[in-house]
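Structure first, then comments.
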Amino acid sequence: MNPILSNNYHVNFTEDAYTKLNKYVLESKPSLIFILVDENTGDDCLPLFLQQLETEQTIEIIEIEPGEVNKNLDTCIGVWNALTELGADRKSLLINLGGGVITDLGGFVASSFKRGISFVNIPTTLLSMVDASVGGKTGVDLGILKNQIGLFSNPEMVLIDPLYLETVSERELRSGLAEILKHGLIYDKNLWNKAISFKELSVRNLSSLVHRSIEIKNEVVIEDPKEAGLRKILNFGHTLGHAVESYFLESEAKENLTHGEAIAIGMITEGYISKTLLNFPSEELDNIKKSILKIYGKVKIEATDYDAIMELLIHDKKNVGGQVNFVLLSDFEKYKLDCKVDKELIIKSLNYYNS
């Protein structure tokens with residue numbers, strides 16, 4: 001697969017990716033190489049990666065606990081302390097090997113350590129490949145509020161190797177598929193049709209979808225790197241989806257959702273809002289709901305949960321002046337930005353999901 005150029009760095013694929021990384025390490029001569037992993041990628045992905053890395057440089061491994069719950073400033077402090085204790089300087093290189101938590105947090109750690117050291121991202125989950133691989137967003141959560149602390153900062157390069165997908169669960173593959181489905185809804189109906197047609201997810205049938213999904217996000221990001229306009233379309237399904245995700249993460253009575261499971265809910269509910277405000281076709285909406293529920297099943301959201309979800313909506317980082325802003329669709333590939341939606345309609349959309 002051909003590399004994709006994104007704002008002065010390349011997203012490289014499969015064997016070519018390791019060739020490019022080894023050339024970069026040879027030419028840039030970092031003083032030390034650090035590899036950031038979590039407990040899962042340390043066990044499952046690190047051995048595969050080290051077989052491909054060709055260098056005589058000193059390599060240090062920094063391991064954190066896995067999961068969104070650890071994507072916070074406390075974990076950053078732990079990594080900054082580890083870098084300091086292991087002698088990192090401004091010529092060091094940090095390689096982030098893992099899912100979106102690792103690449104988001106690792107990019108933020110690198111970009112702020114000694115005012116910035118070089119980093120390379122190697123996403124190992126489907127979600128991180130199609131979502132976190134391009135765009136330059138780094139950061140961490142503030143309590144249960146997602147991605148509140150961070151900055152835009154580009155890696156030296158990104159490596160995509162679908163073989164890492166063999167190390168993740170089917171549930172995590174479905175989580176990443178939600179972002180591919182979103183890209184299909186907002187940008188490429190053909191991609192949507194391909195993504196919903198698979199009876200099973202595998203490395204073989206996902207590779208082409210990953211490449212196309214990254215192409216789509218990259219086209220959007222290049223045109224609008226700081227999310228002033230077009231890039232906002234990538235938030236479809238995420239406004240309500242993030243609020244639901246945060247609520248389930250916070251509630252002791254609820255089982256945590258994956259990011260993709262929450263975004264699946266967001267796409268259905270925001271699709272309903274789109275039908276009401278922008279006349280998104282009803283038949284298409286019902287088909288979208290049917291397709292998404294077939295993949296993700298139905299999550300139980302009680303009417304007593306609505307107020308807490310609404311409260312979390314207010315804190316979404318995309319809001320301006322306390323006003324909740326949505327990206328809505330009038331049809332596949334046809335969108336409208338910064339749509340204002342009242343509480344009554346949001347509740348109706350949750351009722352539609354539950355119906």
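Karplus-derived 3J(HN,Hα) values for segment 341-352, using 6.51 cos²θ - 1.76 cosθ + 1.60 with θ = phi - 60°, are 10, 7, 4, 4, 5, 4, 5, 4, 5, 5, 5, 4 Hz; glycine and proline are entered as x. Here the chain exposes an accessible surface that is 48 percent carbon and sulfur, computed with a 1.4 Å probe and the other protein chains kept in place.
Can you tell me the accessible area per residue over the chain, all protein chains present, probe 1.4 angstrom, in square angstrom?
43
Between the helical axis of 14-28 and the longest alpha-carbon principal axis of the chain there is an angle of about 50 degrees.
Computed over all pairs of different Cα atoms, the Kirkwood value for the hydrodynamic radius of segment 70-203 is 15.8 Å. Across LYS348, LYS294, LYS71, the residue with the most accessible area heads the list, and the full order at a 1.4 Å probe is LYS294, LYS348, LYS71.
Taking GluC sites (Glu not before Pro) across segment 47-108, the ones in a DSSP loop with at most 15 further Cβ atoms lying within 10 angstrom of their Cβ are GLU54, GLU56.
Expressed as a whole percent, how much of the Cα-Cα distance distribution for the chain exceeds 35 Å?
Details: 13005 of 62835 pairs.
For the chain, the share of Cα pairs beyond 35 Å comes to 21 percent.
Over the chain, Cα pairs under 8 Å with separation of 6+ residues give a relative contact order of 14 percent.
Ellipsoid semi-axes for segment 209-251, based on the Cα gyration tensor and the rule √(5λ), read 25, 14, 7 Å when sorted largest first. Placing a label point 7 Å from the Cα of THR167 along the Cα-to-Cβ direction, the residues of segment 82-119 whose backbone N falls under 11 Å of that point are 97-99. Classified by the C-alpha gyration tensor, segment 222-307 has an oblate form. Its axis ratio a/c, with a ≥ b ≥ c, is 1.5 or above, and a/b does not exceed b/c.
Quick one: which of LYS189/LYS254; LYS71/LYS334; LYS137/LYS300; LYS290/LYS340; LYS298/LYS348 span more than 24 angstrom between C-alpha atoms? Write out the running numbers ahead of the final one.
Details: LYS189/LYS254 34 Å; LYS71/LYS334 34 Å; LYS137/LYS300 32 Å; LYS290/LYS340 26 Å; LYS298/LYS348 17 Å.
Those over the limit are LYS189/LYS254; LYS71/LYS334; LYS137/LYS300; LYS290/LYS340.
The values are calculated or read from the model by the stated rules, or taken from the named source; none is laboratory data. If you're wondering where the values come from, they're calculated on a predicted model, not measured in any experiment. Cβ sites come from the backbone with ideal geometry, for glycine too, and all protein chains shown count toward neighbours. We work out accessible area using only protein heavy atoms, side chains counted, and drop any ligands, DNA or RNA first. Shrake-Rupley method; radii C 1.70, N 1.55, O 1.52, S 1.80 Å.
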